[in-house]
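Notes to accompany the following structure.
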Amino acid sequence: EDPSSSSLTQNSVVPELPGFYYDSEKNRYFRLLPGHNNYNPLTKESIQYKAMERKRLRLLEEEEKQKKKTTRAGLNSSMLLQKRQLGLLSSPSYCRLVHELKVNCMQRRKIEIHSPDSSVAGTNNFKIIVADVACERIFTVNDVEHGGCKYGIINLSGLGKESLTVEMYDNLYFTNRKVNSVCWASLTHPDSHLCLMGIAETPGCASLLPASLFSSTNPGDRPGMLCSFKISTAWSCAWCLNPQADNCFSTGLTRRVLVTNVVTGHRQTFGTSSDVLAQQFATQTPVLYNGCRSGEIFSIDVRQRNRKGQSWKAIRLFHDSAVTSIRLLEAEHYLMAADMAGKIKLWDLRAAKCVKQYKGHHNEYAVLPLHVNEEEGLLTAVGQDCYTRIWSLQDAHLLRTIPSPHPASKDAIPSVVFSSRLGGSRGVPGLLMAVKQDLYHFSYN
């Protein structure tokens, strides 16, 4: 049973009666009485919320008691090792299944965050966390009480098997604007800068900030902001690593795509019929993939000039709802996409058709990211119901559903990062989860 279901399984066969609600525990109907002084504590929403909260607490309790679990019958470490020694399992299959076992044994531990400025550590809610390619640093966006956001970088080098302490450095360059999207950018060296897309009052703003702004060195030695310009509302961003479109990043705007070269200042604009909510560049070719509010996914070859009457859309795919996240797989023959109907689909770009669906994700209106880890054979996504789900990439099997440590709400949707090397090449494997003011590490046992 999916623990995020908004209604109990028993209720699905019980007819709804106007003015009544069905209590599955007492197995009877109760009247929804009109409220007094416009206050009625008994609503369908409050009943569903209480049911979900009971499930969340029950799952948390079960996770504390059940240290080892598996989602596949007969799958255990000794059986895997035996098959590997007999030559019945290839190395990639063996590693994938081992990760699958480890994921189901992950235990939650809270991380202590240290900051040079103790007044700001742990006082603001996490909104976004994004890891660099090496998973050595985590860029964080935190909501502040009086509106807007503050930014910081968490160094994961102190995250060891015994130690659960990390260092967080806030920036001196502070802005009140909200942030919709963040990506790491490689300008002078790998992951040297950060692209931030946000909303100011009117219009919006796009910024490219040096990561060295967030360090413990002398503030006088820190370089200034490299690139910042006003734009209409920005929904998404992506950095291009292909040398044919060097130093370029894209911005998904309201009904258009803007590709900017940060060195030359040259810009290309591509008009679209819908807001662009998700973007990713291919690495083997200078092709940009875009996911729209209309449900369309299309690609742009940024080498071509945008001319009137010219059909510049290459691959075109369609979802039934707004596309919130897209991720290219390494070979770049497949693309993973999620939408606001809770559908996660794997598309074959050569045949332009869906080849797999990953079921169980929950979304209705939020822009939520997908996290693909091909080396480990895992797909991770956080739903609007605040549950973190992990699937097997190979067969779309739901491996684990992790309840949030905090009650579900719109402002408490967790942001996660998964890697088998958190903290660098010698790092520890596991899942990082940021929710409210807390940071948790789900570590392999």
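On the basis of the beta-carbon distance and an R0 of 35 Å, residue 320 and residue 165 show a calculated FRET efficiency of 0.15. Given +1 at the Cβ of Lys and Arg, -1 at the Cβ of Asp and Glu and no other charges, the dipole of segment 109-443 around its Cα centre is 1020 debye to the nearest 20.
On the principal axes of its alpha carbon atoms, segment 109-443 extends 57, 48, 37 Å, with the longest extent given first. Evaluated at q = 0.17 Å⁻¹, a Debye calculation over the C-alpha positions of segment 251-410 (equal weights, vacuum) places log10 I(q)/I(0) at -1.00. Compared with the direct C-alpha span, the chain from residue 256 to residue 215 gains 11.2 nm at full extension, assuming 0.36 nm per residue.
Placing a pseudo-label 7 Å from each Cα along the Cα-to-Cβ vector at residue 228 and residue 86 gives an inter-label distance of 6.4 nm. Expressed per residue, the C-alpha convex hull volume of segment 331-433 stands at 108 Å³. Karplus-derived 3J(HN,Hα) values for segment 284-301, using 6.51 cos²θ - 1.76 cosθ + 1.60 with θ = phi - 60°, are 7, 9, x, 10, 10, 9, 10, x, 10, 5, 6, x, 7, 10, 9, 10, 10, 8 Hz; glycine and proline are entered as x.
Model label points for residue 47 and residue 350, set 7 angstrom from Cα along the Cα-to-Cβ axis, are 5.3 nm apart. Here the gap between residue 374 and residue 107, fully extended at 0.36 nm per residue and compared with their Cα-Cα distance, gives a gain of 93.9 nm.
The simple Förster model, with R0 at 51 Å and r as the Cβ-Cβ distance, assigns residue 395 and residue 14 a FRET efficiency of 0.90.
Backbone phi angles across segment 364-371, fed through the Karplus curve with coefficients 6.51, -1.76 and 1.60 (θ = phi - 60°), yield HN-Hα couplings of 10, 8, 8, 8, 10, x, 9, 10 Hz in residue order; Gly and Pro are listed as x. Test of understanding: extend the Cα→C-beta vector of residue 329 to 7 Å, then name every residue of segment 370-396 with backbone N under 15 Å from that spot. Hits in segment 370-396 for residue 329 at 15 Å: 371-380, 391-396. As a rough guide to protection, the peptides 282-290, 408-416 ranked by mean Cβ packing within 10 Å, highest first, stand as 282-290, 408-416. Accessible surface for residue 368 stands near 20 Å², nearest 10, in the context of the full protein assembly shown (1.4 Å probe).
Placing a pseudo-label 7 Å from each Cα along the Cα-to-Cβ vector at residue 412 and residue 425 gives an inter-label distance of 4.2 nm. Whole-Hz Karplus values for segment 409-423 come out as 6, 4, 9, 10, 6, x, 10, 10, 9, 10, 7, 8, 9, 5, x Hz, taken residue by residue from phi with 6.51 cos²θ - 1.76 cosθ + 1.60 and θ = phi - 60°; glycine and proline positions read x. Based on the Stokes-Einstein relation at 37 °C and a viscosity of 0.692 mPa s, and on the Kirkwood radius from alpha carbon pairs, segment 269-355 is assigned a translational diffusion coefficient of 251 µm²/s.
Taking amide H as placed 1.01 Å from N in the peptide plane, residue 272 has its amide H under 5 Å from the amide H of 256, 257, each at least 5 places away in sequence or on another chain.
The slack between residue 125 and residue 146, meaning 0.36 nm per residue of separation minus the straight C-alpha distance, is 6.3 nm.
The values are calculated or read from the model by the stated rules, or taken from the named source; none is laboratory data. Just so it is clear, the model here is predicted, and its values are computed rather than measured. Here the Cβ is made from the backbone with ideal geometry for all residues, glycine too, and neighbour counts use every protein chain on show. Side chains are part of the model used for accessible areas, which takes the heavy atoms of the whole protein and leaves out ligands, DNA and RNA. Shrake-Rupley method; radii C 1.70, N 1.55, O 1.52, S 1.80 Å.
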